[in-house]
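Data first, discussion second: the structure below is written as structure tokens.
The values are calculated or read from the model by the stated rules, or taken from the named source; none is laboratory data. Predicted, not measured: the structure shown is a model, and the values here were computed from it. Cβ placement follows ideal geometry from the backbone for every residue including glycine, while neighbour counts extend to all protein chains displayed.
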Amino acid sequence: MQNLSKKEFIYVVTKDLPTPPPYFFKDAKINISGYDSYETIINRESKALSVEEVKLKIRDGVTVIDTRIPDEFEMGFVPGSISIGLNGDYAVWAGSLIDFHTPIVLVAEEGKELESIVRLARIGYENVVGYLKGSITNWILAGEETEKIISVPGKNIDRLANPIILDVRKPSERETCFIKNSVFITLSQLPSTVNTLDKDRTYAVYCAGGYRSIIACSLLKKAGIKRVYNITGGITSMKETAPEYISFVAI
């Protein structure tokens, strides 16, 4: 209801538009050429894989996407897997971060496997080769190694050993406020820049509330960075618990 000029209106509605995810252009082609039916996709991709089958597929180069909520993921996950929880913008981030043609194995909460497959299929990702039967529980019961991500309250980041504080939010969020001395790399840019980061450093990652930062932490872990911490509750929590660490910038 603001009285804006045409120029001002265009600026407001377009200033924070991200680069279109690669799947946008793939979907356009699929809409022209056609796509498999729902039944075909479900029958092909709803394959319960044993722990040994998943290990073989990992050796063959599949991408493992863990669709459990971040709180569960950080407590233990298949090494090298990427957290993209169903409780957030699951399809958007999968389409933004995962190559369109890469084969995918899913780790999902039991009973959520079908949803994980269907929501990917809706954006044209029809390359799921199966899911881990029994979820992470079977992986652990088989004696397989898991990795963890440690979350730390923002007020305790000064207890970490000279960390690089990594902000993975959107530019408009960064313009409003940020943790002092933090490095800014949007989550969508992280896959193309993660291999330029110093793997011997400690990283403390934050977003607004925690969903994107866990995704980012999993990408850092996958890239071979060992010391990765998630800032609990993101900058939203820090505004209340540790405002002295935050720089507020006028828009």
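Numbers at a glance
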{"quantity": "Extreme residue, nearest to the chain's Cα centre (by Cα), among residues of the stretch 144-161 that are in contact (Cβ under 8 Å) with a residue 40 or more places away in the chain and under 15 Å from G234 (Cα atoms)", "calculated": "I149"}
{"quantity": "Flag if A216 is under 25 Å from Y90 (Cβ atoms), surrounded by fewer than 20 Cβ atoms within 10 Å (Cβ to Cβ) and not acidic (D, E)", "calculated": "no"}
{"quantity": "Every pair of residues 6+ apart whose Cβ atoms lie under 7 Å, when the first sits in the stretch 120-137 and is at positive phi and modelled with pLDDT under 95 while the second is assigned to a loop (DSSP other than H, G, I, E, B) and buried (at least 20 other Cβ atoms within 10 Å of the Cβ)", "calculated": "none"}
{"quantity": "Qualifying residue in the stretch 78-100 (condition: more than 26 Å from I185 (Cβ to Cβ), part of a loop (DSSP other than H, G, I, E, B) and within 16 Å of the chain's Cα centre (by Cα))", "calculated": "no"}
{"quantity": "Lone qualifier among E144, E110, E115, E126 - being surrounded by fewer than 19 Cβ atoms within 10 Å (Cβ to Cβ), assigned to a helix (DSSP H, G or I) and of a type in the set (D, E)", "calculated": "E115"}
{"quantity": "Only one of T196, T176, T202 that is of a type in the set (S, T, N, Q), modelled with pLDDT under 95 and not assigned by TED's automatic domain parsing to the domain that holds G80", "calculated": "T176"}
{"quantity": "Some residue of the stretch 162-171 being without any contact (Cβ under 8 Å) to a residue 24 or more places away in the chain, not assigned by TED's automatic domain parsing to the domain that holds G95 and not in a helix (DSSP H, G or I)", "calculated": "no"}
